[in-house]
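Below you'll find the structure, written out as structure tokens, and then a few comments.
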Amino acid sequence: MKVIVLGAGIIGVTSAYQLAKSGHEVTVVDRQPGPALETSFANAGEVSFGYCSPWAAPGIPMKAMKWLFMQHAPLILRPKVDTAMLSWLAKMLSNCTSKRYAINKSRMLRLADYSRVSLAALRAETGIAYDERMRGTLQLFRTQQQLDASGKDVKALAADGIPYEVLDRDGCIRVEPALKHVRDKIVGGLLTPKDETGDCFKFANGLAKKAEGFGVRFSWGTEINGLDIESGRVRGVVTNREKLRADAVVVALGSYSPLLLKRYDLKLPVYPVKGYSLTIPITDALRAPESTVMDETYKIAITRLGDRIRVGGMAEISGYTNDLGQARRRALEHSVMDLFPGGDVSKATFWSGLRPMTPDGTPVIGPTKIAGLFLNAGHGTLGWTMSSGSARVIADLVTGRRPDIDATDLAIARYA
Ligand SMILES: Cc1cc2nc3c(=O)[nH]c(=O)nc-3n(C[C@H](O)[C@H](O)[C@H](O)COP(=O)(O)OP(=O)(O)OC[C@H]3O[C@@H](n4cnc5c(N)ncnc54)[C@H](O)[C@@H]3O)c2cc1C
């Protein structure tokens, strides 16, 4: 079959690779000059199979109110007269019940666990190097109150069968030796040892090269203007350069997916939630993290990527804008310099990206009411983590095979 993948972020590239491996003739279309240059470019680098839960959770509306007014706020809301934003926020709130949380979390965990196996397989078959490490995520608590409150996370991890360790101050220092310099600032932590880290951009670029080896064609610098649909079936894609014919089309446009789909009466509840990162060259490795440390106070992830520290976080609901606010940079600098001052922040690269968020945290993977049109989008906070499994699921569905995991509740039909 001729398959066109729209978007060459981590989701589009992994999808294209698996589709080509399944024997299809694949073309990937993207407006950028290369892979992973938008949201997949400089994310926090956590491959967090264990610590995988929706943001919409019981108690979040109250916590969100507090976060909005904090110094170095992890949440920023810029309300606008924007029906997409308001409707998305309302849907997000309606998912903050215990019942919805349990359903959404189990879907995310299913996909994350499948992604763990799929990423390991990809690593073995491609040999791509991406500053990967397999040393877990340490959620770091600065107050006793935070440590006590982690009891419910511990229960959830135990219930889901995910390995974890509750650590005291010395335990945290054993896992992250640089913390010995700031031992008075921490009280304990929660380690999920099976989590991994790695550079999403490097991985996507390595995999795109391998995909080319399987015959995948990449059309760079190409703007997607619309779909060609005849009698309820997708026939191709209209770009600023040419009209491409296809038997199947996979939409992997991240936050931009709903903008294309709404023209065809497909309402995909994905909204951009902006985050920021700093990438800092390491000058003193003894004061740098070994893996990912989640600073619970500021909700910021600090990750070791080779000879760099990547600090990422914040959730800004302000629409489609990539402006770089200096207050956000100061918040990231504050968190990292307070715990791991082993890098030169004057040489850091500051970046923002738009997380393609669904209100229930789970991506949308599967067919649509238009024959031949498939979605692999809305991976929100954990797109890098969930990419490898999502790609296998979509390749199976396009090919007409039954996926290894249940995917019926991942499709857009769940919002009907
Ligand atoms: C600050 C931050 C930290 C994060 N940390 C983590 C983390 O630690 N772990 C994790 O798992 N995830 C993390 N994420 C989330 C993760 O980065 C995203 O979920 C993931 O990158 C989404 O990938 P994507 O391929 O769907 O979207 P994108 O990477 O945005 O790809 C979409 C592609 O579509 C193209 N496109 C869009 N519209 C058009 C058009 N009209 N024509 C042509 N091309 C078009 C774009 O050029 C782009 O290449 C983080 C995100 C942010 C912002």
TODO: Could you work out how far the C-alpha centroid of segment 1-37 sits from that of segment 347-416, in angstrom?
DONE: 14 Å
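Taking only DSSP H segments of four or more residues, each worth -39500 (n - 2.57), what value at 222 nm results for the chain once the sum is divided by all its residues, to the nearest 500 deg cm²/dmol? Let's see the in-between values first.
Working: 11 runs with 134 residues, N = 416.
Computed ellipticity for the chain at 222 nm equals -10000 deg cm²/dmol.
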Open item on the list: Need the C-alpha centroid separation for segment 161-175 versus segment 294-346, integer Å.
Closed with: 23 Å
Task: Global geometry of segment 27-168, whether rounded, prolate or oblate, following the gyration tensor of its Cα atoms and the 1.5 cut on a/c - done: oblate
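Taking 8 Å as the Cα distance limit and 6 or more residues as the minimum spacing, I'd like the relative contact order of segment 240-337 as a percentage. Show your work: numbers first, answer last.
Working: 116 pairs, mean separation 24.7, N = 98.
Relative CO of segment 240-337 lands at 25 percent.
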Open item on the list: If amide hydrogens are placed 1.01 Å from N in the peptide plane, which non-local residues have theirs closer than 5 Å to the one on Arg235?
Closed with: Asp228, Ile229, Glu230
Open item on the list: Let me cross-check Ser53: its accessible surface, 1.4 Å probe, with only protein heavy atoms counted, in Å² to the nearest 10?
Closed with: 30 Å²
Open item on the list: Under 14 Å between alpha carbons, and skipping anything fewer than 8 positions from Lys180 in its own chain: which aspartates and glutamates qualify?
Closed with: Asp168, Asp170, Glu290, Asp338
Open item on the list: Apply the Karplus curve 6.51 cos²θ - 1.76 cosθ + 1.60, θ = phi - 60°, to the phi angles in segment 264-280 and return the couplings in whole Hz, x for Gly and Pro.
Closed with: 10, 6, 10, 9, 9, x, 10, 10, x, 10, 6, x, 10, 9, 10, 10, 10
Task: Among the listed pairs Lys155/Lys209; Lys210/Lys267; Lys152/Lys347; Lys105/Lys202, those beyond 32 Å (Cα-Cα) - done: Lys155/Lys209; Lys210/Lys267; Lys152/Lys347
Open item on the list: Using Cα springs under 10 Å in a Gaussian network model of the chain, which residue among Ala121, Ala248, Ala73 shows the largest mean-square fluctuation?
Closed with: Ala121
- [ ] Return the single residue from Ala377, Ala57, Ala159 with maximal mean-square fluctuation; model: Gaussian network over the chain, springs between Cα atoms under 10 Å.
- [x] Ala159
Open item on the list: Order 201-212, 34-45 from most to least packed using the mean count of other Cβ atoms within 10 Å.
Closed with: 34-45, 201-212
- [ ] Let me see the pair-distance distribution of segment 170-300: every alpha carbon pair, 5 Å bin width, integer percents in order.
- [x] 2, 7, 11, 14, 13, 11, 9, 9, 8, 7, 5, 3, 1, 0
Open item on the list: Need one number: convex hull volume per residue for segment 65-137, Cα atoms only, in Å³.
Closed with: 192 Å³
- [ ] Give a residue-ordered list of calculated ³J(HN,Hα) values for segment 30-44 (Karplus: 6.51 cos²θ - 1.76 cosθ + 1.60, θ = phi - 60°; whole Hz; x for Gly, Pro).
- [x] 8, 6, 7, x, x, x, 6, 9, 10, 5, 7, 6, 9, 6, 6
Task: Charged-residue dipole, Cβ positions (Lys, Arg, Asp, Glu), segment 301-402 about Cα centre, Debye nearest 20 - done: 300 debye
TODO: With only Lys, Arg, Asp and Glu charged, each at its Cβ (+1 for the first two, -1 for the last two), find how big the charge dipole of segment 99-209 is about the Cα centre; round to the nearest 20 debye.
DONE: 340 debye
- [ ] Give the carbon-plus-sulfur fraction of the accessible surface of the chain in %, rounded to a whole number; probe 1.4 Å, heavy atoms of protein chains only.
- [x] 54 percent
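Using a probe radius of 1.4 Å on heavy atoms only, what accessible surface per residue do you get for the chain? Whole Å² is fine.
Working: 16850 Å² over 416 residues.
Computed with neighbouring chains in place, this is 41 Å² per residue.
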- [ ] Quick one: among Leu260, Leu77, Leu140, which has the greatest mean-square fluctuation in a GNM of the chain with alpha-carbon springs under 10 angstrom?
- [x] Leu77
TODO: Please report the Cα spread of the chain along all three principal axes, rounded to whole Å, starting with the longest.
DONE: 66, 43, 41
Task: Electrostatic dipole magnitude of the chain [Cβ: Lys, Arg +1; Asp, Glu -1; Cα centre; debye, to 20] - done: 720 debye
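The values are calculated or read from the model by the stated rules, or taken from the named source; none is laboratory data. Only a predicted model underlies this, so the values are computations on that prediction, with no experimental measurement involved. Note: ideal-geometry Cβ built from the backbone for every residue, glycine included; neighbour counts use all protein chains shown. With ligands, DNA and RNA removed, areas are computed over all heavy atoms of the protein, side chains included. Shrake-Rupley method; radii C 1.70, N 1.55, O 1.52, S 1.80 Å.
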